[in-house]
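Worksheet for the structure shown next.
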Amino acid sequence: SAVISQKPSRDICQRGTSLTIQCQVDSQVTMMFWYRQQPGQSLTLIATANQGSEATYESGFVIDKFPISRPNLTFSTLTVSNMSPEDSSIYLCSVAVADTQYFGPGTRLTVL
Amino acid sequence: GIQVEQSPPDLILQEGANSTLRCNFSDSVNNLQWFHQNPWGQLINLFYIPSGTKQNGRLSATTVATERYSLLYISSSQTTDSGVYFCAVERPGSSNTGKLIFGQGTTLQVKP
């Protein structure tokens, strides 16, 4: 299994600013995943973070908007840059361990 | 890309009732998982079930891979079962990389 923590749990931000979300896992994993859940919607994969290499982004997501760091095998950060109200969502960190996907508690972001 | 459709979108049950949730997917998959998102937003993995049948307490799941659907059974429902149930699959050709495509979910409300 895997236990994942995220910081902050929630935040309210002003338009045009940036927020960095931290994700910590209790075991070493090769890949960490960042998902977004817009209000009342399902989850969409933003990017995959590999230690020692650049993150790979899904269609519709770009590095300039969502830069990701992966300094070691237990930690990753996702930055939401130049925020607009459309970025208001829950951002979730995830890992896969033995065919099972685990999710962090999420970061609930509101952009005014 | 692969399509994941869940039904029904919403379900209201009286405590003690049974229910069946369905997930249809448009292509063959190696990875299918069911999740429960509780009212506080936490996603919990229920089953990894690319094929066959599994049971865990009051919950069971069956995937018929050849016919591209999966069913989640909830028996003797309790108020704590309330929340959103998601089915998620991995892109065809992938091998449990953790990159999941989610359905739109079934929102379940269990009334006391």
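The values are calculated or read from the model by the stated rules, or taken from the named source; none is laboratory data. Since the model is a prediction, treat every value here as computed from it, not as a measurement. Don't worry about glycine lacking a Cβ; one is built from the backbone with ideal geometry, like all the others, and counts go over all protein chains shown. These accessible areas exclude ligands, DNA and RNA; they are computed on the full protein's heavy atoms, side chains included. Shrake-Rupley method; radii C 1.70, N 1.55, O 1.52, S 1.80 Å.
Below, the figures for the structure above:
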quantity: Test for B:VAL64: is it closer than 25 Å to A:GLY104 by Cα and out of contact with any helix residue (DSSP H, G or I) (no Cβ under 9 Å at 6 or more places or on another chain); calculated: no
quantity: Strands (runs of 3 or more DSSP E) contained in region B:30-101 and holding at least 2 residues farther than 14 Å from A:SER42 by Cα; calculated: B:32-37, B:43-48, B:52-56, B:59-64, B:69-74
quantity: Residues being among the hydrophobic types (A, V, I, L, M, F, W, C) and open to solvent by less than 10 Å² (accessible area, probe 1.4 Å) - total across region B:67-109; calculated: 8
quantity: Residues of region A:42-67 that turn out to be open to solvent by 40 Å² or more (accessible area, probe 1.4 Å) and either away from chain B (no Cβ under 11 Å) or not in a loop (DSSP other than H, G, I, E, B) (or both), as a count; calculated: 13
quantity: Residue identified as within 12 Å of the chain's Cα centre (by Cα) and either within 14 Å of chain A (Cβ to nearest Cβ) or without any contact (Cβ under 8 Å) to a residue 40 or more places away in the chain (or both) among B:TYR85, B:TYR69, B:TYR73; calculated: B:TYR85
